[in-house]
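Throughout, read-outs are computed from the coordinates displayed, never taken from laboratory work. Keep in mind that what you see is a predicted model, and the values were worked out from it rather than measured. All Cβ positions, glycine included, derive from the backbone under ideal geometry; neighbour counts span all protein chains shown.
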Amino acid sequence: MGYEPAFDGKTPNFAEDLAFGEQGEEMFATFLQALSDSKYEVKFDRYRNGRMVVETHQNPRNAGWKMSGINVTQADWWVYLFSLSSFIVVSVPRLKNYLRLNGYTDAERRTFAPNSDNPAKGFLIMADDVVKMMTSTDYD
């Protein structure tokens, strides 16, 4: 199936589309400035599967579980790299709202790298749910 103009939803209007695009450019420049003046936490999707892991606890050298990740971050922004050239940036409050409003609880928490010297616990957000988190006004 190729491109379907009918899916665009409305008749193009160059002046309106240009103004909308320029507004987006201004918003992005403002965002980059805010990001440069803020703290951020960066995570990398090792498996490149579009899923997002949000760490909540770790057990360094198996010395006992302690809070970590989203529970203790001082960051304003959560950066999640899906590859070296694609990533998302989400505000920490938005990510926390998403987790809270979608029932991520102790029962949902998974253990990652259980046989390593630093196992972690956290939440696994599936790829489709990452999109919902980024686009829904429920988490603003």
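Can you tell which of 52, 67 is among the hydrophobic types (A, V, I, L, M, F, W, C) and more than 15 Å from residue 125 (Cβ to Cβ)? Give the steps one after another, and end with the answer.
Values: 52 fails: more than 15 Å from residue 125 (Cβ to Cβ).
Exactly one of 52, 67 is among the hydrophobic types (A, V, I, L, M, F, W, C) and more than 15 Å from residue 125 (Cβ to Cβ), namely 67.
Within the stretch 55-103, how many residues are touching a helix residue (DSSP H, G or I) at 6+ places or on another chain (Cβ under 6 Å) and small (Gly, Ala, Ser)?
1
Quick one: how many residues across the stretch 49-108 are under 18 Å from residue 32 (Cα atoms) and among the aliphatic types (A, V, I, L, M)?
Total meeting the criteria: 7.
If you scan the stretch 101-111, which residues turn out to be surrounded by 12 or more Cβ atoms within 10 Å (Cβ to Cβ) and either of a type in the set (Lys, Arg) or in a loop (DSSP other than H, G, I, E, B) (or both)?
102, 104, 109, 110
Return the residue satisfying two criteria in turn: it lies in the stretch 28-54 and is more than 12 Å from residue 89 (Cβ to Cβ) and acidic (Asp, Glu), and of such residues it is nearest to the chain's Cα centre (by Cα).
By that ranking, first place goes to 45.
Being within 22 Å of residue 77 (Cβ to Cβ) and of a type in the set (Lys, Arg), is that true of even one residue in the stretch 101-121?
Within the stretch 101-121 (the criterion being within 22 Å of residue 77 (Cβ to Cβ) and of a type in the set (Lys, Arg)), the answer is no, since none of the residues qualifies.
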